[in-house]
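Below is one structure, written out as structure tokens, with a few remarks after it.
The values are calculated or read from the model by the stated rules, or taken from the named source; none is laboratory data. From a predicted model like this one, the values you see are computed outputs, not experimental measurements. Reconstructed Cβ throughout: ideal geometry from the backbone, glycine too, with neighbour counts over all protein chains shown. Note: accessible area is taken over every heavy atom of the protein model, side chains too, but ligands, DNA and RNA are not part of it. Shrake-Rupley method; radii C 1.70, N 1.55, O 1.52, S 1.80 Å.
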Amino acid sequence: MNEKNLKDIISYVVSSKALDSSINELALEIESNGTKTSRKDCLAIINKSGFKTLNSFKNYSLKLVISFAKASLKDNLISEDEIKSIRFLKLLLDIREGDFMKDKTLAKEVSIIIKNQVDLMFSDDQKIDVDESIQKVNLQEIFGLSYDEFAKLTNESAIAAWDRGSDLIELDTYFDGNEYQEWWDKNKKDS
């Protein structure tokens, strides 16, 4: 992992003032110490803010990772170093699969990020190529989504591309029988 990349993006997030004061101090600690930041350091900082555990501080931690992901996606790509940095943050802050979807506001923010990224992937040629497919897997991992959760968030964009004439094979998705039947009912023509 590129230590400078982690610190630079955290610095950008802090300077953007996207975080409230409860998480800002922790972000500054990570900016200063990078991968040398420990859980003990995190706990000391959040204890000063009146939180007893990382779990009680979870929504603030999730907001930090979301802000980091948004900053990483400014160029519409997530690099391997950025993914490693996000993995580090999730490990450091004890963020697990499913955490992003527990809070409705955060889940909505994640769904918007994913929808925007997938729409961008379809915008150039109405299909998902190998690099874009890897990018989708990375987005799924970053936000700790199950296959079904991720498919639910991305299938709307895939169906829109299908409606525009894309080949179903090139959409890098799976439609269950109900989704296919809904599409067919909506789009079938009387002969």
### Query
Can you list the aspartates and glutamates whose alpha carbon is less than 12 Å from that of K186, not counting same-chain residues fewer than 8 positions off?
D163
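Please compare each pair in K48/K104; K4/K58; K74/K102; K52/K136 to a cut-off of 29 Å on the Cα-Cα distance and tell me which ones are over it.
K52/K136
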#### Entry: Accessible area per residue in Å² at 1.4 Å probe, computed on the stretch 76-135
53 Å²
### Query
How would Y60, Y12 rank on accessible area, largest to smallest, probe 1.4 Å?
Y12, Y60
### Task
Take the Cα atoms of the stretch 33-167, find their three principal axes, and give me the spread along each one in whole Å, biggest first.
56, 29, 21
### Where a label projected 7 Å from the Cα of N76 along Cα→Cβ would reach, residues of the stretch 90-122 with amide N under 11 Å
117-122
### Message
As an exercise, use a Förster radius of 22 Å and the Cβ-Cβ distance of D20 and K40 to find the FRET efficiency, rounded to the nearest 0.05.
### Response
0.45
### Message
Suppose each label sits 7 Å from its Cα in the direction of the beta carbon; what would the R87-D8 distance come out to in nanometres?
### Response
2.0 nm
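What's the carbon and sulfur percent of the stretch 59-132's accessible surface, probe 1.4 angstrom, rounded to a whole number?
51 percent
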### Query
Leaving out ligands, DNA and RNA but keeping every protein chain, what accessible area does K4 have, in Å² rounded to the nearest 10, with a 1.4 Å probe?
130 Å²
### Query
Can you give the FRET efficiency for Y147 and K48, using 1/(1 + (r/R0)^6), R0 = 41 Å, r = Cβ-Cβ distance, to the nearest 0.05?
0.55
